[in-house]
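The structure appears below as structure tokens.
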Amino acid sequence: MAEGLLRAVDIYKSFVGVQALKKVSFEINPGEIHCLAGENGSGKSTLIKVISGVYSPDSGYMEFGGKRYEKITPIDAIQSGIQVIYQDFSIFPNLTVMENLAFNSELADRRKIVNWKRMRKIATDAIAKINFKVDLDAMVGTLTVAEKQMIAISRALMFNTKLIIMDEPTTALTKREVRNLFNIILKLKERGIAILFVSHKLNEVFEISEKFTILRSGELVATGSTADLDSEKFSFFMTGREFQKKTFVPLNVSKEPIFQAKGIGMKSAFHDVSFDLRRGEIIGITGLLDSGRTELALSLFGIRPIDHGAVLVNGEEVKIINPQVAMQHKIGYVPEDRLSEGLFLTQSIADNIVISEIDSLANKIGILDHKRRSEEIERWVRELAISTPNPDNACQTLSGGNQQRVVLAKWLALNLDILILNGPTVGVDIGSKHDIHGILQKLAEEGLALLIISDDLPEVLENCSRILVMKSGSIVADLDAAKSDEKTILSYMM
Ligand SMILES: Nc1ncnc2c1ncn2[C@@H]1O[C@H](COP(=O)(O)OP(=O)(O)O)[C@@H](O)[C@H]1O
Ligand SMILES: [Mg+2]
């Protein structure tokens, strides 16, 4: 094993009324990709801040690059090669890419005359290190989150960096951007740079990290090789809760299908897709990203209509040409990206829940029935166990898992027959994920017909009665979930 790069030993840190870290020890080697996980409030950010000198620990010490520090200062940390990329990236939106990158070396030197040529050279070299291409004269505020992150990484690499710490770097990224970030992380590793990566997303931890450390309520609960971890252990370490898997057993399946797809297709996306969906059933649709699963989901809700085949609702053909038609036929759709498509984050939780049923809450002359409105809100907050002190708070005050419940509530308030969910637990913490699965199973028992589009195989295996596997736009397998497993599904997907 390579000689350790960083060792933090018996770190304690408290804030008024909170013991944020209790005797936490932590080690990372050069070139190691290490995931730091834990639920919200478990102490991850505090540990990062201790390591980077933002907070001094109440007790404990740190060794970095062979040197011992009782308290490392932020300047020591940077000079010895520790760089932190915070969630806000600490960049200046009103400056250009070039100015952001060259800021430290040029502007901070208080040179009277800014040497633009030198700045351009510094910036060009910085982005070249990670093969990142961007207009150096663009205002950083106009760039995407992923681009801002690349600038923050480029900037971190301008120093003699040995350890890069990233606090939840994938939160606001698309899957493709996550992939790109992971490729860059692997390249940094090749150069011997250690990466400490904060995440509570199971699939990311398994995919990218070699070592893991899990905190719970400020305490170290487990650390070791990711190879020795499995999803059950991970969930237990994260939450301290044992989840017994409740595999879905359909109970009240209707005799007649409520929804039928007969040879439907959309040019260059999918073709000849047929299936029947009954009340009480949960059907899973899985496949790789380009398998056509997303387009299929969008077409069933009329966002991108089909161009051949037929859809039948209760045995009658319906042309779902837009979401309004879908909703008239009691079909709802929970989008994959709840943050951009499903919720108004700055509006209250309450308004988000009743927004789609607002017409039915008005009396004959069109005035909102406040009593019914609050009854509805109270009902859904209770039924879906939305964890909030007050439903009038803005939606953005909720955790991802609770936001997802608000999206569900919004649809369920419409008394639907059919609910299509695209990636229902993407970006949701483990405890909430488990609870949402319980809610979906209960809805099926109560007679809803559900269709879950997901590439999370354990999710479809545990929560669906049947699984349709898509590949290159077609359904290549129709499996009984109870008799299937991940290997079988993967063999059809690939
Ligand atoms: N500056 C602070 N002042 C007071 N309490 C804090 C401060 N920073 C964090 N905490 C508390 O310490 C605990 C750990 O927080 P944090 O390290 O941010 O957790 P995580 O990053 O895992 O979500 C939480 O209870 C949080 O409220
Ligand atoms: Mg944090």
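The numbers here are math on the coordinates, done by the rules we state, and not lab data. Keep in mind that what you see is a predicted model, and the values were worked out from it rather than measured. Cβ: placed from backbone, ideal geometry, glycine included. Neighbour counts: every protein chain shown.
Roughly what would the spin-label model give for residue 367 and residue 70, points 7 Å off Cα along C-beta, in nm?
Between residue 367 and residue 70, the simple spin-label model gives 7.2 nm.
Taking 0.36 nm per residue of separation and subtracting the Cα-Cα distance, what length does fully extending residue 191 through residue 310 add?
Fully extending the segment from residue 191 to residue 310 adds 37.3 nm.
Expected output is a single nm value to one decimal: the length gained when fully extending between residue 210 and residue 12, i.e. 0.36 nm times separation in residues minus the C-alpha distance. What is it?
Extra length from residue 210 to residue 12 when fully extended: 68.7 nm.
How much length is gained on full extension from residue 145 to residue 179, taking 0.36 nm per residue of separation minus their Cα-Cα distance?
10.8 nm
Can you pull the one-decimal nm distance between simple spin-label points at residue 115 and residue 415, each 7 Å off the Cα toward Cβ?
Those two pseudo-labels are separated by 7.5 nm.
Which whole-Hz couplings ³J(HN,Hα) result when phi for each residue of region 268-285 is put into the Karplus expression 6.51 cos²θ - 1.76 cosθ + 1.60, θ = phi - 60°, listed in order with x for Gly and Pro?
Result, rounded to whole Hz: 6, 10, 7, 8, 6, 8, 10, 6, 10, 10, 10, 4, x, 9, 10, 9, x, 10.
Take every Cα-Cα distance within region 257-493, group them into 10 Å bins from 0 onward, and report for each bin the whole-number percent of pairs it holds.
Computed distribution, short to long bins: 8, 32, 36, 19, 5, 0.
Report, please, the projected area of region 295-352 averaged over directions, based on the convex hull of its C-alpha atoms, in nm².
If I average the Cα hull's projected area over directions, I get 4.7 nm².
Could you count how many Lys pairs in region 231-345 have their Cα atoms under 29 Å apart, skipping same-chain pairs fewer than 8 positions apart?
Eligible lysine pairs with Cα atoms under 29 Å apart amount to 12.
Could you give P(r) for region 6-239, binned at 10 Å from zero, as whole percent values over all Cα-Cα pairs?
8, 31, 35, 20, 6, 0
Based on Cα positions only, what radius of gyration and what Dmax would you give for region 245-361, in angstroms?
Using the Cα atoms of region 245-361, the pair Rg, Dmax is 15.9, 43 Å.
Across region 11-27, in residue order, what do the Karplus-derived ³J(HN,Hα) couplings come to in whole Hz, using 6.51 cos²θ - 1.76 cosθ + 1.60 with θ = phi - 60° and x for Gly and Pro?
Each residue of region 11-27 in turn: 7, 10, 8, 10, 10, 3, x, 10, 8, 6, 9, 10, 6, 8, 10, 7, 9 Hz.
For q = 0.13, 0.16, 0.23 Å⁻¹, what log10 I(q)/I(0) does region 125-198 give under the Debye formula with an equal point scatterer on each alpha carbon and no solvent?
-0.36, -0.55, -1.18
Net charge within 12 Å of residue 454 by Cβ-Cβ distance, Lys/Arg positive one each and Asp/Glu negative one each, not counting residue 454 itself?
-3
Give me the lysines in straight-line cross-link reach of residue 129: C-alpha distance below 24 Å, same-chain residues under 8 apart excluded.
117, 121, 148, 162, 175, 187, 189
Along the charge dipole of the chain, Cβ charges K/R +1 and D/E -1, which of 41, 412, 310 sits furthest on the positive end?
Result: 41.
Within region 204-245, list the residues whose amide N lies under 20 Å from a label point set 7 Å along Cα→Cβ of residue 385.
The answer is 217, 232-245, whose backbone nitrogens lie closer than 20 Å to the label point.
Kirkwood hydrodynamic radius, region 261-322, all distinct C-alpha pairs: what's the number in Å?
The answer is 12.0 Å.
Could you order peptides 277-287, 223-233 by the average number of other Cβ atoms within 10 Å of their residues, highest first?
The peptides rank, most packed first, as 277-287, 223-233.
What's the center-to-center distance, using Cα atoms, between region 436-471 and region 385-425 in Å?
17 Å
Taking Cα centroids, how far is region 1-74 from region 249-286 in Å?
51 Å
For region 243-251, just list the computed ³J(HN,Hα) in residue order, Karplus coefficients 6.51, -1.76 and 1.60, θ = phi - 60°, integers in Hz, with x standing in for Gly and Pro.
Each residue's phi maps through the Karplus curve to give 9, 7, 5, 9, 5, 5, 10, x, 10 Hz.
Taking amide H atoms as placed 1.01 Å from N in the peptide plane, list the residues 5 or more away in sequence, or in a different chain, whose amide H sits under 5 Å from that of residue 284.
Here the answer is 452, 465, 466, 467, 468, since their amide H atoms fall under 5 Å of that of residue 284.
Using the beta-carbon distance between residue 252 and residue 25 and R0 = 51 Å, what value does 1/(1 + (r/R0)^6) give for FRET efficiency, to the nearest 0.05?
0.45
Would you work out which of 321, 387, 160 lies farthest towards the positive end of the dipole of the chain, given +1 charges on the beta-carbon of Lys and Arg and -1 on that of Asp and Glu, about the Cα centre?
160
Provide the packing ranking of 172-182, 438-448, i.e. peptides ordered by the mean count of other C-beta atoms within 10 Å per residue, highest first.
438-448, 172-182
Report, in debye and to the nearest 20, how large the dipole of the chain comes out about its Cα centre when Lys and Arg carry +1 and Asp and Glu carry -1 on their Cβ.
1320 debye
Taking Rh as the Kirkwood radius computed over C-alpha pairs, what is the Stokes-Einstein D of the chain at 37 °C in a medium of viscosity 0.692 mPa s, expressed in µm² per second?
For these conditions, the coefficient is 131 µm²/s.
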